[in-house]
Amino acid sequence: MEEIFKANLPKSIEVQAITSELPDEQRRERIEEMEKSDKRVLIATDCLSEGINLQKGFNAVLHYDLPWNPNRLEQREGRVDRYGQNSPEVKTWLLWGEDNPIDAIVLKVLIRKVRDIQKSTGVSISLGEDNRSIMDAVLNEVLLDPQKALEKSQISLDFGSDYQESIITRELEAAKLKAQNLRSIFAHMSVPQEEIEDDLRKVDEAIGDIQSVETLVLNGIVHLKGSYQKEEKGYRILLQNLPPHLREALGTKSDYRVSFHSPTPDGYRYIGRNHKFTEQLCQYLLSLAFEQKADFDQVARAAVIQTSSVTTQTTIIQFRVRNVIKEVQSKVENISEEMYLWGFEGLSKGGDILDYASCKKLLFEAESAQNLSKERQIDTFNHQMSLFQGRLDEFVAIAEERSVQLLEAHGRFKKLVGGKRYEAVHPILPPDILGVYVFLPTPVQFAID
């Protein structure tokens, strides 16, 4: 087969055949090598239907044979049509013989019935490889009268024999019931999306949404003396000045075209919150933030800037609060951590409190208008910290309030999916202060005619 393709396709198309004769590691090496080619065709048996993902190098599937089990088709297509696929569209083709009675019956009766059930009920039917009842029914129908079976399959979705039809129906209903029971066990359909939508949004924000990852990575690269260029579909990042261990997290080159969105545009490399480069960058910046060095090139945990984003002096505290959640009538305890923002306005104790959204917006959007002397920064910072000490009760109250809300969120989830309730939340006080940022308004300028 491989020789036939090579003989009939242009030399610019790389053709490889992979079977179970090759060990897993050699299969992966062959596929990784093929991904470097501009055009490629992979011929493979079902040895690649599980375990090895193909979404990076391929965007179409041609089923040259017609397996009696529809799950085989889904497994093959799932190697290509999966998370991380760059192409906006994945095409699949299924070859079958119109004059082949077995192909005709499998396609029109078995596969189409399974897919009809999936479309109408949303339940994915899974047929085990050891299920011989269905295959035996197909073979019996064909062996009894192949021409009649072929004619019936071409004009109807049913077998000619009621007995064989009942076997198919019984097995499919059993598989359908099993899938529905699994959904009931895991409570997939019983969780109203609107009731936990806000909680899910908060979780996504806590672990890092796309915009947060993009901001962190790009700003981190610039802070470490690298650079980036905006392109139509992503960015080109230049890493010459970054530490070697960070560059190696992406490869051997010093510049890459990257995207923070999936599907990733062709020719770009995807970087998400779980990418090795993102993790290494976070760890490195965090280590710089906690180093005891009087170096302004390090990552600042405290800052005083003058900006047009505020009209009055404003202080933001970034902190971490730990919570202990205990299950009812159980010794099991869960410890959770949460990063949060709290702030206040003004030069006196009576200034207004800023909510989380206002703090986040200011922290993300404020830009320094001009450089301040080190002496002024220190004086301003010390003054605001003295004000903060006078508002510690308000600060601790926020941490306790977050603990109560955390308990309520866990309670909502447990109520929906079942399980033990939580009886208490114990915040570990005082919260850990990770950063203090003071924003000064820019001087008002008057124009004189």
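The values are calculated or read from the model by the stated rules, or taken from the named source; none is laboratory data. Just so we're clear, the structure is a prediction, and the values are computed from it rather than from any experiment. When we count neighbours, we look across all protein chains shown, and the Cβ atoms used for this are built from the backbone with ideal geometry, even at glycine.
Summed over segment 256-287, the residues that are assigned to a helix (DSSP H, G or I) and under 19 Å from the mean Cα position of the chain (by Cα) give a count of 7.
Residues are listed down the side, and each one gets a yes or a no for (1) under 22 Å from Val90 (Cα atoms); (2) small (Gly, Ala, Ser); (3) assigned to a loop (DSSP other than H, G, I, E, B):
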position: Ala17; (1), (2), (3): yes, yes, no
position: Ile31; (1), (2), (3): yes, no, no
position: Ser37; (1), (2), (3): yes, yes, yes
position: Arg40; (1), (2), (3): yes, no, no
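Which of the residues belonging to segment 345-360 are assigned to a loop (DSSP other than H, G, I, E, B), in contact with an Asp or Glu (Cβ under 8 Å, 6 or more places away or on another chain) and closer than 16 Å to Leu440 by Cβ? Those that are assigned to a loop (DSSP other than H, G, I, E, B), in contact with an Asp or Glu (Cβ under 8 Å, 6 or more places away or on another chain) and closer than 16 Å to Leu440 by Cβ: Gly346, Gly351. Within segment 68-86, the residues that satisfy the criterion of being outside any helix (DSSP H, G or I) and surrounded by 17 or more Cβ atoms within 10 Å (Cβ to Cβ) are Trp68, Asn69, Asp81, Gln85, Asn86.
Residues checked against (1) exposed (fewer than 15 other Cβ atoms within 10 Å of the Cβ); (2) modelled with pLDDT under 90:
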{"residue": "Ala369", "(1), (2)": "no, yes"}
{"residue": "Phe381", "(1), (2)": "no, no"}
{"residue": "Phe395", "(1), (2)": "no, yes"}
{"residue": "Gln405", "(1), (2)": "yes, yes"}
{"residue": "Lys415", "(1), (2)": "yes, yes"}
{"residue": "Val425", "(1), (2)": "no, yes"}
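In segment 213-222, is there at least one residue being surrounded by fewer than 17 Cβ atoms within 10 Å (Cβ to Cβ) and over 22 Å from the mean Cα position of the chain (by Cα)? Yes: segment 213-222 contains one or more residues that are surrounded by fewer than 17 Cβ atoms within 10 Å (Cβ to Cβ) and over 22 Å from the mean Cα position of the chain (by Cα). Tell me, yes or no, whether segment 1-23 has at least one residue that is in contact with a Pro (Cβ under 9 Å, 6 or more places away or on another chain), farther than 23 Å from Tyr270 by Cα and among the β-branched types (Val, Ile, Thr). Among the residues of segment 1-23, not one is in contact with a Pro (Cβ under 9 Å, 6 or more places away or on another chain), farther than 23 Å from Tyr270 by Cα and among the β-branched types (Val, Ile, Thr), which makes the answer no.
Considering only residues that are more than 15 Å from Arg79 (Cα to Cα), surrounded by 18 or more Cβ atoms within 10 Å (Cβ to Cβ) and modelled with pLDDT under 85, which ones fall in segment 14-62? Answer for segment 14-62, where residues must be more than 15 Å from Arg79 (Cα to Cα), surrounded by 18 or more Cβ atoms within 10 Å (Cβ to Cβ) and modelled with pLDDT under 85: there is none. Is it true that Asp198 is within 18 Å of His410 (Cβ to Cβ) and loosely packed, with under 12 Cβ neighbours inside 10 Å? The answer is yes for Asp198. Of all the residues in segment 195-242, those that are outside any loop (DSSP other than H, G, I, E, B), of a type in the set (Asp, Glu) and closer than 22 Å to Ser336 by Cβ number 6.
In segment 270-288, the qualifying residues are those that are aliphatic (A, V, I, L, M) and free of Cβ contacts under 8 Å to residues at least 24 places away in the same chain, and the one that is surrounded by the fewest Cβ atoms within 10 Å (Cβ to Cβ) is Leu286. In a residue-by-residue description of segment 311-321, the property of being assigned by TED's automatic domain parsing to the domain that holds Val404, assigned to a loop (DSSP other than H, G, I, E, B), within 28 Å of Lys374 (Cα to Cα) and touching a helix residue (DSSP H, G or I) at 6+ places or on another chain (Cβ under 9 Å) applies to at least one position.
Under 6 Å between Cβ atoms, which residue pairs at least 6 apart in sequence (or on different chains) link something in segment 200-222 that is at positive phi with a partner that is modelled with pLDDT of 85 or more? What qualifies is Gly208/Arg273.
The set of residues from segment 257-269 being surrounded by fewer than 19 Cβ atoms within 10 Å (Cβ to Cβ) and modelled with pLDDT of 90 or more comprises just one member, Arg257.
Restricting segment 329-360 to residues that are among the charged types (D, E, K, R) and over 21 Å from Glu394 (Cα atoms) leaves a set whose member that is surrounded by the fewest Cβ atoms within 10 Å (Cβ to Cβ) is Lys331.
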